[in-house]
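Structure, as structure tokens:
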Amino acid sequence: MGNGKFTYLDIQAVLKNLLQEEVSIRNLSEILETMAQFAPVTHNVWFLSEKVRERLGSQICAQYVDQDRVMRVVTISQPLAQSILEHRFEPSDGSRPYVAFSPNEGHKWITAVSDQMAAMKSRNMIPIIMCPAEIRPLVKNATQREMPGLVVLSVSEIAAAGSAVKLEIVGEIHND
């Protein structure tokens with residue numbers, strides 16, 4: 001359990017995580033309030049970063065909607081989401097959690113994501129993956145090297161945007 005206080009390094013790490021995914025940190029009061037809300041629970045910067053993203057969901061989603069407030073996304077199939085969770089690895093040093101797929105599974109994963117993202121780009125859509133909150137950072141981390149500009153949003157972030165965003169699901173990523 002956390003002691004309710006954050007160090008400057010904790011705050012800096014959360015801000016850095018947000019900036020790495022091009023999330024504006026202008027709303028510092030919301031960011032700090034969210035961190036304070038979860039301080040009694042944890043000081044895990046990866047968990048805190050996700051909670052802040054959820055709080056900023058409306059702000060994050062606003063940058064990806066078209067003029068009609070529609071955001072087009074691909075989802076991850078339930079079996080694939082389960083596989084990602086089963087392959088989750090959290091380093092004991094507190095560094096970023098990641099998906100520990102075998103080389104073959106990793107290749108299938110990247111191919112499946114690449115195919116869906118290419119299909120979106122060919123239709124002049126911003127490549128966006130929507131997935132459950134518990135796997136969002138894993139999906140982002142598992143695609144970062146091959147597809148650094150890929151947007152990965154959680155269902156919770158999109159839900160936070162409410163009626164400001166009209167969601168359209170245009171595809172699904174499978175692990176076959």
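Being assigned to a helix (DSSP H, G or I) and open to solvent by 40 Å² or more (accessible area, probe 1.4 Å) is the filter; apply it to region 120-152 and report the residue that is farthest from residue 97 (Cα to Cα).
Among residues in region 120-152 that are assigned to a helix (DSSP H, G or I) and open to solvent by 40 Å² or more (accessible area, probe 1.4 Å), the one farthest from residue 97 (Cα to Cα) is 122.
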Q) Just one of 120, 125 is among the aliphatic types (A, V, I, L, M), farther than 18 Å from residue 21 by Cα and touching a Gly at 6+ places or on another chain (Cβ under 8 Å); which is it? A) 120
Q. Which of the residues spanning region 28-54 are in contact with a Leu (Cβ under 8 Å, 6 or more places away or on another chain) and either closer than 19 Å to residue 151 by Cβ or small (Gly, Ala, Ser) (or both)?
A. 49, 52, 53
Q. Among the numbered criteria (1) touching a residue at least 40 places away in the same chain (Cβ under 8 Å); (2) open to solvent by less than 70 Å² (accessible area, probe 1.4 Å); (3) in contact with a helix residue (DSSP H, G or I) (Cβ under 7 Å, 6 or more places away or on another chain), which single criterion is violated by residue 69?
A. (2)
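For region 1-60, give me the residue count where each residue is in a loop (DSSP other than H, G, I, E, B) and either open to solvent by 70 Å² or more (accessible area, probe 1.4 Å) or not aromatic (Phe, Trp, Tyr) (or both).
Looking only at that region, the number is 20.
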Q: Answer yes if at least one residue in region 33-52 is closer than 30 Å to residue 122 by Cβ and free of Cβ contacts under 8 Å to residues at least 12 places away in the same chain, and no otherwise.
A: no
Q) How many residues are in contact with a strand residue (DSSP E or B) (Cβ under 6 Å, 6 or more places away or on another chain), not β-branched (Val, Ile, Thr) and not in a strand (DSSP E or B) if we restrict to region 62-79? A) 3
Q: Could you list, in sequence order, all residues of region 89-132 that are at positive phi and polar (S, T, N, Q)?
A: 124
Q.
Which of the numbered conditions does residue 116 fail, given that it passes all the others? Conditions: (1) assigned to a helix (DSSP H, G or I); (2) more than 21 Å from residue 65 (Cβ to Cβ).
A. (2)
Q: Take region 153-176 and flag every residue that is assigned to a strand (DSSP E or B) and open to solvent by less than 40 Å² (accessible area, probe 1.4 Å).
A: 153, 154, 170, 171, 173
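The values are calculated or read from the model by the stated rules, or taken from the named source; none is laboratory data. Keep in mind that what you see is a predicted model, and the values were worked out from it rather than measured. Methodologically, a virtual Cβ is constructed for each residue, glycine included, from the backbone with ideal geometry; neighbour enumeration extends over all protein chains shown. Note: areas computed on protein heavy atoms with side chains; ligands, DNA, RNA excluded. Shrake-Rupley method; radii C 1.70, N 1.55, O 1.52, S 1.80 Å.
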